[in-house]
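Notes follow the structure.
Where a number appears in this text, it was derived from the coordinates with a stated rule and is not lab data. Just so you know, these numbers come straight off a predicted model, no measurement behind them. We place every Cβ from the backbone using ideal geometry, glycine too, and count neighbours over all the protein chains shown.
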Ligand SMILES: C[S@@+](CC[C@H](N)C(=O)[O-])C[C@H]1O[C@@H](n2cnc3c(N)ncnc32)[C@H](O)[C@@H]1O
């Protein structure tokens, strides 16, 4: 009960919060990297550490994964198409604001378990959801049905980067990608660099290994991805490319559906 009241309260505060209206924002930035840097998402090549807690902004070091070139490589042909895009893990919305400008006709869905999202637009649908919570996922699915958007062109997982979350999200959301569409996993190797993200067991396969096996149609043992899902992947994955960005830990996977 206490939890429900708290959620209701947070939802109310979020609804009342003043947001930046992206439909009114005219920008002269065309490349995705410029947009990523402008809206300060670490998908860009040169952003001040967006997660720095230093309020005086003393932490001026430039960081960024440099993922724009890979997004442009796979998606530039969709720039002016009426696509549907979902990002899981949007935080303040820097990447969503960039995609809103880049994909000028896209209908965008955003999922996050917190309420830090700062933007609004007639093309953006923010939904508060923890992907570990089945009830919240069900509600999100109902929203997609209501918006006639059960299948999406692009789904991006930029949420926790925890090993098990990456696999669980893939299992839940890959089926929602349209034929010919893409499922993107950002920072897929972070769990190897940061121990708090690594909840795999000693005999678990690495994420890259799993993707290779799925691409090659080889069955493997996994507590998350059962045989039925693996078979679904064998029948539905056309290609998987893994790209290396700027930082040591910058890896991104683009999984194309048949
Ligand atoms: C790396 S940030 C997202 C950054 C954003 N995509 C950008 O480029 O600016 C990760 C976000 O994932 C969210 N997140 C983590 N675990 C989640 C979960 N289980 N369900 C929903 N959101 C989650 C966090 O609340 C956080 O806002």
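Points to keep in mind about this one:
- Segment 2-257, relative contact order in percent, only Cα pairs under 8 angstrom and at least six apart counted: 15
- Listed residues 176, 26, 43, most fluctuating in the chain (Gaussian network, C-alpha, under 10 Å): 26
- In terms of its alpha-carbon gyration tensor, segment 58-185 comes out rounded; the largest-to-smallest axis ratio a/c stays below the 1.5 threshold.
- Taking 168, 128, 216 as the candidate residues, the one with maximal mean-square fluctuation in a Gaussian network model of the chain, Cα springs under 10 Å, is 216.
- Diffusion constant of the chain at 37 °C, which comes from Stokes-Einstein with the Kirkwood Cα-pair radius and 0.692 mPa s, µm²/s: 172
- At full extension, residue 69 and residue 258 could sit 65.7 nm farther apart than now, given 0.36 nm per residue minus the alpha carbon distance.
- Exposure proxy ranking, count of Cβ atoms within 10 Å, fewest first, for 13, 210: 13, 210
- Taking label points 7 Å from Cα along the Cα-to-Cβ direction, residue 113 and residue 221 give a separation of 2.9 nm.
- Antiparallel bridges, percent of DSSP beta bridges restricted to the chain (to nearest 5): 40
- Taking the number of Cβ atoms within 10 Å of each Cβ as an exposure proxy, the fewest-first ranking of 190, 38 is 38, 190.
- Rg to Rh quotient for segment 175-246, alpha carbon positions, Kirkwood Rh: 0.96
- Once both labels are positioned 7 Å from their Cα atoms along Cα-to-Cβ, the gap between residue 17 and residue 105 label points is 3.2 nm.
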